[in-house]
Amino acid sequence: EPPAPAEEQPGEERAAPDSETRDDKRIVELRQGRQRAITRYVRLFEEAAGRLVKRETADIRRAVPKYLGKRSVGDFEKWLTEFYEDLRGVLPDYFRALMLTLADEILAAVARELGEDAPAIDEDWITEYLNNLAQVYTVGGEKQLRALLAEAESDEDAAEAILERMDGWDETRAVKTGRAQAFEAGNALAKFGYAALGVRYLIWSGGDCPLCQALNGRRVGIDSYFLKQGDSLNVGDGIAPFPAVRNIGHPPLHGGCDCVIVAG
C-alpha cells in the first residue's frame with residue numbers, strides 16, 4: 001500500500017461548520033476541481049514510475065541468469081536484499097521534482113478554498129513522504145519475488161517465474177504506481193495544507209464504488225482517521241468487507257480510487 005504522509009504541521013484552528021449546514025454543492029465543486037488537478041498529474045507520475053520500473057526490471061533480468069542455476073537461490077536472495085536496499089536510496093529522486101510541482105498547485109488550491117495565502121511546503125515533509133514511498137514500494141517488490149522463490153521447485157522454475165513477473169511489471173507496475181501515487185500525494189499534500197492553515201475537520205468526498213460510497217461524506221478530525229488499522233468496512237450486497245491494514249487518514253482507499261478530501 002501506498003505510504004501515509006508525515007505528521008501535519010500545527011496552525012491556528014478553524015471552527016468547523018455544523019454538519020446540518022454544510023454546503024453539499026460546495027463540496028462537490030471542490031471535489032471535482034481537486035480531481036481534475038490531480039488527474040492532470042497521473043500521466044507524469046506514470047512516466048516517473050515507468051523510468052523506475054524500467055531500471056528495476058532490467059537489473060533483475062540481468063541478475064537471474066547470473067545467480068539462478070549457476071550459483072544458488074541463497075546467492076540470489078542476498079543480491080535481492082542488496083539491490084532493494086540500493087533502490088530505496090535512489091527511488092525518491094524519481095519523484096522529488098514532480099512532488100514539489102504538485103505541492104505548489106495543491107497548496108495554492110487549498111489556500112484559495114480557505115481564502116488564505118498558500119502555506120510554504122516543508123521539504124523535510126517531502127523527503128519523509130518519499131522515503132515512506134520508497135520503503136513501501138521496495139518491500140512490496142522484494143516480497144513478491146521472495147514468494148516466487150519459495151514456491152519454485154527448482155532454480156529453473158524460479159528463474160522462469162521471476163522473468164514472467166518482470167514481463168508483468170513492465171506492463172502494469174508503472175501504471176498502477178503512477179495513478180495511485182498521484183492521488184496519494186495529492187491528498188497527502190491537501191491534508192498538509194489544511195493542517196498548516198488550521199483546519200480542524202476533513203470530509204471524504206467521492207464514491208464511484210460501493211466501498212467509497214460508504215465513506216462519502218464521512219467527517220473526521222484532522223488528527224483522526226477515516227478508518228483505523230484493524231477496522232472492517234462492510235457494505236453488504238455480497239461485497240467482501242474491506243479490511244483496513246493501516247490507518248487511513250485520506251484517500252485513496254484502494255487501487256483506482258479517485259476520492260479526495262475537503263475541509264469540513
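Looking only at the range 90-121, how many residues end up being open to solvent by less than 60 Å² (accessible area, probe 1.4 Å) and assigned to a helix (DSSP H, G or I)?
The number of residues fulfilling the criteria is 19.
For the range 219-230, indicate whether the set of residues that are within 22 Å of residue 25 (Cα to Cα), among the basic types (Lys, Arg), surrounded by 13 or more Cβ atoms within 10 Å (Cβ to Cβ) and over 15 Å from the mean Cα position of the chain (by Cα) is non-empty.
yes
Within the range 36-46, which residues are of a type outside the set (Phe, Trp, Tyr) and farther than 13 Å from residue 105 by Cβ?
Passing the criteria: 42, 43, 46.
Under 6 Å between Cβ atoms, at least 6 apart or on separate chains: pull out the pairs that start in the range 155-171 with a residue that is without any contact (Cβ under 8 Å) to a residue 40 or more places away in the chain and within 17 Å of residue 76 (Cβ to Cβ) and end on any residue that is of a type in the set (A, V, I, L, M) and crowded, with 16+ Cβ neighbours inside 10 Å.
Matching pairs, first to second residue: 161/148; 161/152.
Could you check the range 197-212 and list, in sequence order, the residues that are under 20 Å from the mean Cα position of the chain (by Cα) and not aromatic (Phe, Trp, Tyr)?
Within the range 197-212, 202, 203, 205, 206, 207, 208, 209, 211, 212 qualify.
From the list 43, 71, which one is over 16 Å from the mean Cα position of the chain (by Cα), of a type in the set (Lys, Arg) and on the phi < 0 side of the Ramachandran plot?
71
Mind listing whichever residues of the range 175-204 are out of contact with any Pro (no Cβ under 8 Å at 6 or more places or on another chain) and part of a strand (DSSP E or B)?
Selection gives 201, 202, 203.
Can you tell me which residue within the range 240-253, out of those that are open to solvent by 60 Å² or more (accessible area, probe 1.4 Å) and in a loop (DSSP other than H, G, I, E, B), is nearest to residue 183 (Cα to Cα)?
That would be 245.
Residues in the range 204-227: is at least one more than 30 Å from residue 172 (Cα to Cα) and in contact with a Ser or Thr (Cβ under 6 Å, 6 or more places away or on another chain)?
no
Out of 60, 38, 27, report the one residue that is surrounded by 12 or more Cβ atoms within 10 Å (Cβ to Cβ), modelled with pLDDT under 95, assigned to a helix (DSSP H, G or I) and not charged (D, E, K, R).
27
Can you report the number of residues in the range 122-159 which are surrounded by fewer than 13 Cβ atoms within 10 Å (Cβ to Cβ) and of a type in the set (Val, Ile, Thr)?
1
The values are calculated or read from the model by the stated rules, or taken from the named source; none is laboratory data. All of these numbers come straight from a predicted model, not from anything done at the bench. Because the Cβ atoms are built from the backbone with ideal geometry, glycine has one as well, and the counts that use them run over all protein chains shown. SASA here: full protein model, heavy atoms, side chains in, ligands and nucleic acids out. Shrake-Rupley method; radii C 1.70, N 1.55, O 1.52, S 1.80 Å.
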